[in-house]
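Only one structure is covered here, and it is reproduced in the block below.
Where a number appears in this text, it was derived from the coordinates with a stated rule and is not lab data. This is a predicted model, so every value here is computed, not measured. So basically every Cβ, Gly included, is an ideal-geometry build from the backbone, and we count neighbours across all protein chains shown.
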Ligand code: PNS
């Protein structure tokens, strides 16, 4: 019997409850899920690759009981998918604002490799407007992000911004 593997790619900078919700939903549809952290995102990440992977490991392991693999890739997603023998990409679809970027990415990936299909999943309503960039902005100014990320992620966010502030003060 063949197993159906899906890949959920992203920056995960950092992992949020929205990501975890999607991971949980995907595990019900696929035999094997690979959460793939891009190591060279277009934007400069707040967390290093190792930190993003570590937070994913810690938050996925506690909550999700099935076979979820956490891995990283650089270069093209389709090349990573081929190495993993996977043909399904999972992406979350929150609001209309996501449409253009997501649609473009799905069609580009299929243009690069016609075996690749993208499955869009709707998150739970409470996560519709949850974006890692907003979470970072709130945490940067000392706000609580406990509704959006697990406590270990919140701790790391506050630590990260504290360290950055210390560094900036040393430069001045
Ligand atoms: O969480 P993000 O930042 O929205 O994830 C975007 C990601 C990492 C899925 C996308 O940038 C990606 O697949 N990058 C790898 C490079 C690639 O394959 N580009 C061509 C497809 S658009």
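Hey, can you tell me all the residues within the range 69-89 that are in a loop (DSSP other than H, G, I, E, B) and loosely packed, with under 14 Cβ neighbours inside 10 Å?
Keep residues of the range 69-89 that are in a loop (DSSP other than H, G, I, E, B), which gives 74-76, 85-87.
Residues satisfying the conditions are 74, 75, 76, 85.
Out of the residues in the range 19-47 meeting the condition of being buried (at least 22 other Cβ atoms within 10 Å of the Cβ) and within 12 Å of the ligand (Cβ to nearest atom), tell me which one is farthest from the chain's Cα centre (by Cα).
It comes out as 22.
Restrict the check to the range 155-168 and report whether at least one residue is within 18 Å of the chain's Cα centre (by Cα) and either in a loop (DSSP other than H, G, I, E, B) or surrounded by 13 or more Cβ atoms within 10 Å (Cβ to Cβ) (or both).
The answer is yes, given that some residue of the range 155-168 is within 18 Å of the chain's Cα centre (by Cα) and either in a loop (DSSP other than H, G, I, E, B) or surrounded by 13 or more Cβ atoms within 10 Å (Cβ to Cβ) (or both).
Looking at the structure I just gave you, is residue 64 within 13 Å of the ligand (Cβ to nearest atom) and under 22 Å from residue 27 (Cβ atoms)? If you could, list the steps in order and put the result at the bottom.
Values: within 13 Å of the ligand (Cβ to nearest atom): no; under 22 Å from residue 27 (Cβ atoms): yes.
Against the criterion (within 13 Å of the ligand (Cβ to nearest atom) and under 22 Å from residue 27 (Cβ atoms)), residue 64 does not qualify.
Please work out if residue 95 is more than 8 Å from the ligand (Cβ to nearest atom), on the phi < 0 side of the Ramachandran plot and crowded, with 17+ Cβ neighbours inside 10 Å. Write out each step before concluding.
On the way: more than 8 Å from the ligand (Cβ to nearest atom): yes; on the phi < 0 side of the Ramachandran plot: yes; crowded, with 17+ Cβ neighbours inside 10 Å: no.
The answer is no for residue 95.
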